[in-house]
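The values are calculated or read from the model by the stated rules, or taken from the named source; none is laboratory data. All values reported here derive from a predicted model rather than from experimental measurement. Positions of Cβ are generated from backbone atoms using ideal geometry, with glycine treated the same way; all protein chains shown enter the neighbour counts.
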Amino acid sequence: MKNTFNIKRFAKFFAMELRRNKNIFLIFLGVILIELVFATLNGSSTHNGGGATILLIVIAPFILYNFLYHPTKSFTYAMIPASWLEKFMSAWVMCVIFVPLLLAGFSFFVAFIGDLTIAHLTTQRPEFAPIAFLTDTYWRVIAYQAVISFWGVFWFKRQKVGKTILTFVGIILALLFIAFILYRLGFGDSEGIILIENYHFPATYLSYGLSVLLWVVSLIKFRRTQI
């Protein structure tokens, strides 16, 4: 069973994981609700949701799976009748799909109600823009910071948060250094920008490629610990 993937067993294991973390999900939703309610009461627009949603999406992997590689807690997790691939895919679906959709969707709903309330009380036109909400910050967070968090949980055995933050800072500094080099090579002026646009510089595709790479690395590391 170690190297197999059974959809029924996966669904059963994922449902068990949902039940195990249900109180954490309720706390997440409560934090988002409190933040957006206070924003509404203060007359602030909530059409972009709240910062708590972004923060919770980023730190969710640490909260949900910080027990990985723990001497006792990880042993109990390893004894659950599911293959390593089913466990990894369950964590991936949980952190990359379910939690972001749950939190962003809830924030979407509360922000919509908040904007309608502000518009009713102030006779102003609602500022809420669903398309901008769904395509702006949240999905960029999922594609960048949340990916780093997920990788950190599976890659580091101890001090996961601190080591992941240091890695993230290192990546940012490396990118700034690369940007500086490109600028010195002439890509920072108008001609350089036009050159990049003409050749469709694939920065977005590189970022998604990095996300996939980190997921694969996480998978390999988890598999090695389960053999």
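Table for the structure above
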quantity	calculated
Leu214 being over 26 Å from Phe98 (Cβ atoms), in a helix (DSSP H, G or I) and either at pLDDT 80 or above or small (Gly, Ala, Ser) (or both)	no
Subset tally (residues that are surrounded by fewer than 20 Cβ atoms within 10 Å (Cβ to Cβ) and in contact (Cβ under 8 Å) with a residue 12 or more places away in the chain) for segment 75-87	5
Residues within segment 8-43 that are among the acidic types (Asp, Glu) and more than 24 Å from Asn66 (Cβ to Cβ), tallied	0
